Amino acid sequence: MLNQQSSTRGTLLVTLMWGLFTLLNLACAQEEEVPESVRSTLEGRLTIRTEVDTSTDYRDFEVLVAADKEGEPDTLGYAVTDSTGRFFMDITVADRGVYALVISRRDQILAVGQLVVAEGDSASLSAAFPLGNRSFRVRSLENAAWQAYQNTLAQHEQQLIDLVQADGYNEGAVRQRVAQTTSILWELQNTFPGTMGSEIAMAEAVVMEVGWNDSLVVARARAVPPGNLQFGEVGRAARQAMARLEGHEAALAILDDFAQRAIRNEHRAQLAAELVQAHSDSSEFDAALAAAASMQQDHAGSSWAQWAERTAYGIEHLRPGMPAPDFAVRSAAGDSLRLADLRGKHVVLEFYRPEDDVYQRELEGRNRLIADLGLDRLAVVSISIQPDTLINEAFFEEREAPGIHVYGAGELIESYNVSALPTRYLIDPEGRLVFKYVGGAMAALYEFLTAQ
């Protein structure tokens, strides 16, 4: 058991390191089929390079395993090295997953990495500091599988970059590269059987092939067991592939098969959401609304119920071709504005937060769109959800941003069902909704409007 001083230092360490990493949490919601807790161990030895310190006293290295619990750091495992640099810790988590691993000494963070925690896995690590350009490696079956999965994806991304730089975009070459990568990912289940990394790789081997080899997607998807952490994503991929292969009814059938076999509540919710999307994609709006209502009932009180409620609102009020919701707001310049005032022009209604990196990167494209179309053909109304006028004004002090600006219009955000940023609605000159663009989609919006 840790003494009081070690416990206090561990708490301080959590606070110090928390802003330096983002937790990759692949654990799903617990069900009856999932153990109440997962236990593993981590041990190792941490030392100092002799060229830095010739002493052989390696005590006071702190090793922390942590997770995000409702926005707060949660210590899952903590240990301090003895004079030889050795440490040992027991780790208990609610479900297997990838968690943050932080090494520090005397309140200085030395390294941040990841640790796979799975039932019965015994992991070890050794490192000599300073690491320089090296990185520490956690050794265990689970962590080896996760590393193999990550390495495969990194190699795939680099090879795609090399292909584009060498020959430009060549669809045949990309298709071949995707096939090779998914084959490697699929085989990891044989190399590292029963590991979390091989499970995630198995699912990735399905999802990555969507649109490239839909027959293979369906065949592989049927072989993925319902206990797979990404079973819901696999079911979604199977539905989309089957829709292209055999049509809507066959797609609904395979989706229903996945829903019947799902054993985790999170997966059932994902598949229910895909059913709503499937009906909506096929303009079966009554069926989509009925499926959304079932989701709200089956998953009451969860974020999935909220998703279903927002989606139902969008189907009822915000489909392409419907009249865009009118509004009456006051602009940052002090002018009153209604949507009806902008008839005769295409209108881009964009919702954003000035601190958002995506919006900042797309600001140049936004301004180019206005310059190329001209204010006689296009009106851009930018609604910042940041209500602080000073923050908004400071953002635009050194940035060109023509158009109409509105700060903190809560009713507009609600009536346009905005749940992700940036979100842009395109409205035609008659005031009808054309399309909704979410995230970094300025290029697609630019391409559509300049083609009109």
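The values are calculated or read from the model by the stated rules, or taken from the named source; none is laboratory data. Owing to the predicted nature of the structure, the values given are computational and were not obtained by experimental measurement. Heads up, the Cβs are rebuilt from the backbone with ideal geometry, glycines too, and the neighbour counts pull from every protein chain shown. Quick note on the areas: whole protein, heavy atoms, side chains included, nothing else; ligands and nucleic acids left out. Shrake-Rupley method; radii C 1.70, N 1.55, O 1.52, S 1.80 Å.
Between residues in region 170-191 that are without any contact (Cβ under 8 Å) to a residue 60 or more places away in the chain and closer than 16 Å to Ser215 by Cα and residues that are among the hydrophobic types (A, V, I, L, M, F, W, C) and part of a loop (DSSP other than H, G, I, E, B), which pairs lie under 9 Å by C-beta distance while being six or more apart or on different chains? Hits for this filter: Arg175/Trp212; Val178/Met208; Val178/Trp212; Ala179/Trp212; Thr182/Met208; Thr182/Trp212.
Residues checked against (1) modelled with pLDDT of 95 or more; (2) among the aromatic types (Phe, Trp, Tyr):
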| residue | (1), (2) |
| --- | --- |
| Val93 | no, no |
| Leu101 | yes, no |
| Val112 | no, no |
| Leu115 | yes, no |
| Arg137 | no, no |
| Trp146 | yes, yes |
| Leu163 | no, no |
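One residue alone among Ala273, Ala305, Ala287 is open to solvent by 30 Å² or more (accessible area, probe 1.4 Å), among the hydrophobic types (A, V, I, L, M, F, W, C) and part of a helix (DSSP H, G or I), and that residue is Ala287. Within the set Ala308, Ala332, Ala371, Ala293, the sole residue that is under 21 Å from Glu411 (Cα atoms) and either of a type outside the set (A, V, I, L, M) or over 23 Å from the mean Cα position of the chain (by Cα) (or both) turns out to be Ala332. Candidates are the residues of region 90-106 that are of a type in the set (D, E, K, R) and farther than 30 Å from Ile48 by Cα; the one that is least open to solvent (accessible area, probe 1.4 Å) is Asp95.
Would you please name the residue that is surrounded by the fewest Cβ atoms within 10 Å (Cβ to Cβ), looking only at residues in region 437-452 that are touching an Asp or Glu at 6+ places or on another chain (Cβ under 9 Å) and part of a loop (DSSP other than H, G, I, E, B)? Looking at residues that are touching an Asp or Glu at 6+ places or on another chain (Cβ under 9 Å) and part of a loop (DSSP other than H, G, I, E, B), I get Gly440. The sole residue among Ala111, Ala154 that is open to solvent by 20 Å² or more (accessible area, probe 1.4 Å) and more than 13 Å from Leu42 (Cα to Cα) is Ala154.
May I ask you to verify whether Asn170 is open to solvent by 70 Å² or more (accessible area, probe 1.4 Å) and of a type in the set (S, T, N, Q)? For Asn170, the condition - open to solvent by 70 Å² or more (accessible area, probe 1.4 Å) and of a type in the set (S, T, N, Q) - is met. Is at least one residue of region 365-379 small (Gly, Ala, Ser), closer than 22 Å to Met322 by Cα and not in a helix (DSSP H, G or I)? There is at least one residue in region 365-379 that is small (Gly, Ala, Ser), closer than 22 Å to Met322 by Cα and not in a helix (DSSP H, G or I).
Condition check ((1) assigned to a strand (DSSP E or B); (2) over 18 Å from Ala66 (Cα atoms); (3) of a type outside the set (A, V, I, L, M)) across all residues:
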{"position": "Ser104", "(1), (2), (3)": "yes, no, yes"}
{"position": "Leu110", "(1), (2), (3)": "yes, no, no"}
{"position": "Ser124", "(1), (2), (3)": "yes, no, yes"}
{"position": "Asn133", "(1), (2), (3)": "no, yes, yes"}
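When the residues of region 396-436 are filtered to those that are among the small types (Gly, Ala, Ser) and in contact with a helix residue (DSSP H, G or I) (Cβ under 9 Å, 6 or more places away or on another chain), the one that is most open to solvent (accessible area, probe 1.4 Å) is Ser419. When region 127-138 is filtered for residues that are loosely packed, with under 15 Cβ neighbours inside 10 Å and in contact (Cβ under 8 Å) with a residue 12 or more places away in the chain, the ones remaining, listed by number, are Pro130, Leu131, Ser135, Arg137. Taking region 194-237 as the range and being surrounded by fewer than 22 Cβ atoms within 10 Å (Cβ to Cβ), touching a residue at least 60 places away in the same chain (Cβ under 8 Å) and over 18 Å from the mean Cα position of the chain (by Cα) as the test, only Gly227 passes. For region 178-193, state whether one or more residues are in contact with a strand residue (DSSP E or B) (Cβ under 8 Å, 6 or more places away or on another chain) and assigned to a helix (DSSP H, G or I). There is no residue in region 178-193 that is in contact with a strand residue (DSSP E or B) (Cβ under 8 Å, 6 or more places away or on another chain) and assigned to a helix (DSSP H, G or I).
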